[in-house]
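Following: one structure in structure tokens, then a few remarks.
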Amino acid sequence: MTAQTPQVTLNNGVQMPILGFGVYQIPPEQTEQTVTDALAAGYRHIDTAAAYANEDAVGRAIAASGIPRDELFVTTKLWIQANGDNTKRAFDASLQRLGLDYVDLYLIHQPLGDYYSEWRAMQELNRQGVARAIGVSNFYPDRLVDLIANNEITPAVNQVETHPFFQRTADQELMREHGVQIESWGGFAEGKNDLFTHSTLSEIGAAHGKSVAQVVLRWLTQRGVIAIPKSVRPERMAENIDIFDFQLTDAEMAHIAALDTGASLFFDHRDPAMVTWLNGRRDN
Ligand SMILES: NC(=O)c1ccc[n+]([C@@H]2O[C@H](COP(=O)([O-])OP(=O)(O)OC[C@H]3O[C@@H](n4cnc5c(N)ncnc54)[C@H](OP(=O)(O)O)[C@@H]3O)[C@@H](O)[C@H]2O)c1
């Protein structure tokens, strides 16, 4: 990772840049150029998923960059599977699309399907060294604690919706108690609630000569939350990585804390209709 980006140490000792680049909803035909631009802007941590249908484009951009593999941190995610054999096949397919021989972090994308079999297969991948760290995504505390209680390896990371309107502070504390690193998805809430023109965030930004986006990313990382903003625009990529030269005061952190609604702006993974819809996207 570039010298300026701080790292967090995961529960198995693996170092992970606290700021990365997300590629969700980037059209496959635009992803190679976008990731090429992100790498040029200094990002060394890329977050993709089998479900984003752009792992191959991420892989092409990585290969073309010439950046040594050990300077990159690549995360991908397993879509809902029926058993452990499918999990290993899905992992091999992701590696092949990415053109890599290992990933730095492999996540269970959803707490759905036979994720206990998925986890046992992922533990093997981790022991083999082809997934340097393994973790989960979208796990509410009850599911996370149960997974930990019934398996050998504790997830290194739980990637969950986390932004100023849904801050997950109690969830973060519980994860910390169990040695699980919180990672934010949708750190900008994808712009919902007029985030980028929000008055409180704009005022704090003005006090530091920084944008709302920079305030949000600074707030996340200052809380110890890994952030993976997505942008297809090089000027915003540069803006979003330029957050390590200022610090929010305790009063500013408290003002942002007051914006928490405690509820998702997207959907609830415990909603039966959503569970049905997500399972409908299974390809096995
Ligand atoms: N595990 C999961 O289930 C899950 C779910 C969702 C997301 N994720 C991961 O989290 C990553 C980030 O979340 P996200 O992509 O959903 O949304 P996000 O990062 O919260 O927001 C992205 C939006 O913000 C805009 N934007 C970016 N930088 C900006 C700036 N400086 N000023 C103004 N607008 C800006 C982008 O537009 P432009 O692109 O036009 O700049 C885009 O519309 C994803 O890419 C993915 O890797 C994971």
> Restricted to the range 47-79, and to residues that are in a loop (DSSP other than H, G, I, E, B) and away from the ligand (no atom under 16 Å from the Cβ), which residue is least open to solvent (accessible area, probe 1.4 Å)?
Replying inline: Ile67
> Is there any pair linking a residue in the range 128-139 that is free of Cβ contacts under 8 Å to residues at least 40 places away in the same chain and more than 16 Å from the ligand (Cβ to nearest atom) to one that is among the basic types (Lys, Arg) and open to solvent by less than 10 Å² (accessible area, probe 1.4 Å), with Cβ under 6 Å and at least six apart or on different chains, and which?
Replying inline: none
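Can you tell me which residue within the range 149-159, out of those that are in contact (Cβ under 8 Å) with a residue 24 or more places away in the chain and surrounded by fewer than 16 Cβ atoms within 10 Å (Cβ to Cβ), is nearest to the ligand (Cβ to nearest atom)?
Asn151
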>> Can you list residue pairs whose Cβ atoms sit under 6 Å apart, with the first residue in the range 5-34 being over 19 Å from Arg223 (Cα atoms) and open to solvent by less than 10 Å² (accessible area, probe 1.4 Å) and the second being part of a strand (DSSP E or B) and near the ligand (Cβ under 8 Å from one of its atoms)? Count only pairs 6 or more apart in sequence or on different chains.
In response: Gly22/Asp47
> When residues of the range 1-46 are filtered for being away from the ligand (no atom under 13 Å from the Cβ), of a type in the set (A, V, I, L, M, F, W, C) and within 19 Å of Ile108 (Cβ to Cβ), how many remain?
Replying inline: 3
>> Restricting to the range 172-198, and then to whatever is among the acidic types (Asp, Glu) and either more than 17 Å from His45 (Cβ to Cβ) or away from the ligand (no atom under 14 Å from the Cβ) (or both), can you tell me which residue is surrounded by the fewest Cβ atoms within 10 Å (Cβ to Cβ)?
In response: Glu177
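Within the range 80-94, restricting attention to residues that are in contact (Cβ under 8 Å) with a residue 12 or more places away in the chain and open to solvent by 20 Å² or more (accessible area, probe 1.4 Å), which residue is farthest from the ligand (Cβ to nearest atom)?
Within the range 80-94, the subset in contact (Cβ under 8 Å) with a residue 12 or more places away in the chain is 80-88, 90-91, 93-94.
Then drop every residue that is not open to solvent by 20 Å² or more (accessible area, probe 1.4 Å), which leaves 82-83, 85-86, 88, 90, 93.
Values: Ala82: 20, Asn83: 22, Asp85: 24, Asn86: 19, Lys88: 21, Ala90: 16, Ala93: 19 Å.
Filtering the range 80-94 for residues that are in contact (Cβ under 8 Å) with a residue 12 or more places away in the chain and open to solvent by 20 Å² or more (accessible area, probe 1.4 Å), the one farthest from the ligand (Cβ to nearest atom) comes out as Asp85.
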> Out of all the residues in the range 207-217, is one or more open to solvent by 10 Å² or more (accessible area, probe 1.4 Å), more than 9 Å from the ligand (Cβ to nearest atom) and out of contact with any helix residue (DSSP H, G or I) (no Cβ under 9 Å at 6 or more places or on another chain)?
Replying inline: yes
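Here is a check on your reading of the model: is Thr169 of a type in the set (Val, Ile, Thr) and surrounded by 21 or more Cβ atoms within 10 Å (Cβ to Cβ)?
Details: of a type in the set (Val, Ile, Thr): yes; surrounded by 21 or more Cβ atoms within 10 Å (Cβ to Cβ): no.
Against the criterion (of a type in the set (Val, Ile, Thr) and surrounded by 21 or more Cβ atoms within 10 Å (Cβ to Cβ)), Thr169 does not qualify.
The values are calculated or read from the model by the stated rules, or taken from the named source; none is laboratory data. It should be emphasised that the depicted structure is a prediction, and the values quoted were computed from it without experimental measurement. For neighbour counting, all protein chains shown are included, and Cβ atoms are generated from backbone atoms with ideal geometry for every residue, glycine included. Note: areas computed on protein heavy atoms with side chains; ligands, DNA, RNA excluded. Shrake-Rupley method; radii C 1.70, N 1.55, O 1.52, S 1.80 Å.
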